[in-house]
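Enquirer: The following block contains the structure, expressed as structure tokens.
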Amino acid sequence: MPRYFCHENPETLTVASDVIEARQGRVRLVRSPFYPGGGGQLPDRGAIRWSGGEAAVSGFDMADGHLWHLLAAPVEVSGSVEVAVDPAFRQMQRELHTALHIINALAFQGFDGALVTGAQMNGDGTARIDLDLPGADNDKLRALEPRINDTIRQDLKVVTSYVLFEAAQEEKGLLRSRSVAPPPTEDGMVRVVEIAGLDRQACGGTHLASTGNSRPIRILKVENKGRHNRRIRIGFGS
């Protein structure tokens, strides 16, 4: 997995950059603040602007180790550009992703090390996480909502670091997915997201700098998805 600019500079949403290579409707840049999506998180939205023009970024394509920005217009861009992420959409995804980590942590601690079997953040302010919880009481999962919001109110710091992939495999609970391990970086490292005093797990997405930057969360629904899976759907509270 690449080390994206947004991992090291999460608050920088607009940068000046130069075009490395361009084709009609797609462009490679020297640097970019965009998160291209992954791990259930949607890609950032935003635009690329240049002298005399602008195009929305409609998606991303990783080819031969290079990240291409796909443009909503059939233009070929060159020279210097301004690259801008939509701040409201990034903030929403950061809130949802951090909330899923809180739920993940509470379930892992309270339900015998329950592992994640899937997750998805949506563009409408909702998200879901699937957990391997055979025989779990769904009412107990619904009862996590006050603890989720208490964690948000505590304003716990969220920090990131990197550990060697081999060390990540040996640390209990760091790799939290049932079937998929996060791909290591080119130098064999795994990115770790830590919520102070609560959770520490491998993840490549974008998160808040502290839990207090999130709106309150509601548990919208708890569903059985097969004999083992429990799906928790969340959205923002009032």
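The values are calculated or read from the model by the stated rules, or taken from the named source; none is laboratory data. What you see is a predicted model; the values in this text were computed from it and never measured. As a convention, Cβ positions derive from the backbone with ideal geometry for all residues, glycine included, and neighbour counts pool all protein chains shown.
Enquirer: Could you check D61 against (1) part of a helix (DSSP H, G or I); (2) surrounded by fewer than 22 Cβ atoms within 10 Å (Cβ to Cβ) and say which number it fails?
Expert: Of everything listed in (1) part of a helix (DSSP H, G or I); (2) surrounded by fewer than 22 Cβ atoms within 10 Å (Cβ to Cβ), D61 misses just condition (1).
Enquirer: Counting just the residues of region 130-141 that are more than 21 Å from the chain's Cα centre (by Cα), surrounded by 13 or more Cβ atoms within 10 Å (Cβ to Cβ) and not polar (S, T, N, Q), which one comes out farthest from L96 (Cα to Cα)?
Expert: A136
Enquirer: Only one of S58, S80 is hydroxyl-bearing (S, T, Y), without any contact (Cβ under 8 Å) to a residue 40 or more places away in the chain and over 16 Å from M121 (Cβ atoms). Can you tell me which?
Expert: After applying the criteria, what remains is S58.
Enquirer: Does L208 satisfy being assigned to a loop (DSSP other than H, G, I, E, B) and at pLDDT below 95?
Expert: So L208 fails the test.
Enquirer: Let me ask another. Looking at region 5-52, what strands (runs of 3 or more DSSP E) fall wholly within it and have at least 2 residues that are over 18 Å from G205 (Cα atoms) and among the acidic types (D, E)?
Expert: 14-23
Enquirer: Same structure again: Would region 216-237 turn up any residue that is modelled with pLDDT under 95, of a type in the set (G, A, S), surrounded by 17 or more Cβ atoms within 10 Å (Cβ to Cβ) and in contact with a Pro (Cβ under 8 Å, 6 or more places away or on another chain)?
Expert: No, the conditions are met nowhere in region 216-237.
Enquirer: Hey, another quick one. When you scan region 165-175, do you find a residue that is in a strand (DSSP E or B), in the same structural domain as A105 (by TED's automatic domain parsing), out of contact with any Lys or Arg (no Cβ under 6 Å at 6 or more places or on another chain) and at pLDDT below 95, even just one?
Expert: Within region 165-175, not a single residue is in a strand (DSSP E or B), in the same structural domain as A105 (by TED's automatic domain parsing), out of contact with any Lys or Arg (no Cβ under 6 Å at 6 or more places or on another chain) and at pLDDT below 95.
Enquirer: Is it the case that region 84-101 has a residue that's in the same structural domain as R200 (by TED's automatic domain parsing) and touching a helix residue (DSSP H, G or I) at 6+ places or on another chain (Cβ under 7 Å)?
Expert: Yes, that holds for at least one residue.
Enquirer: Still on this structure, please answer the following. Only one residue in V57, V27 is farther than 28 Å from I234 by Cα and not assigned by TED's automatic domain parsing to the domain that holds N224, so which one is that?
Expert: V27
Enquirer: Could you say which residue among A73, A56 is of a type in the set (A, V, I, L, M) and part of a strand (DSSP E or B)?
Expert: Matching residue, one of A73, A56: A56.
Enquirer: Condition first: buried (at least 20 other Cβ atoms within 10 Å of the Cβ), of a type in the set (G, A, S) and under 16 Å from Q41 (Cβ atoms). Now tell me which residues in region 167-203 satisfy that.
Expert: A202
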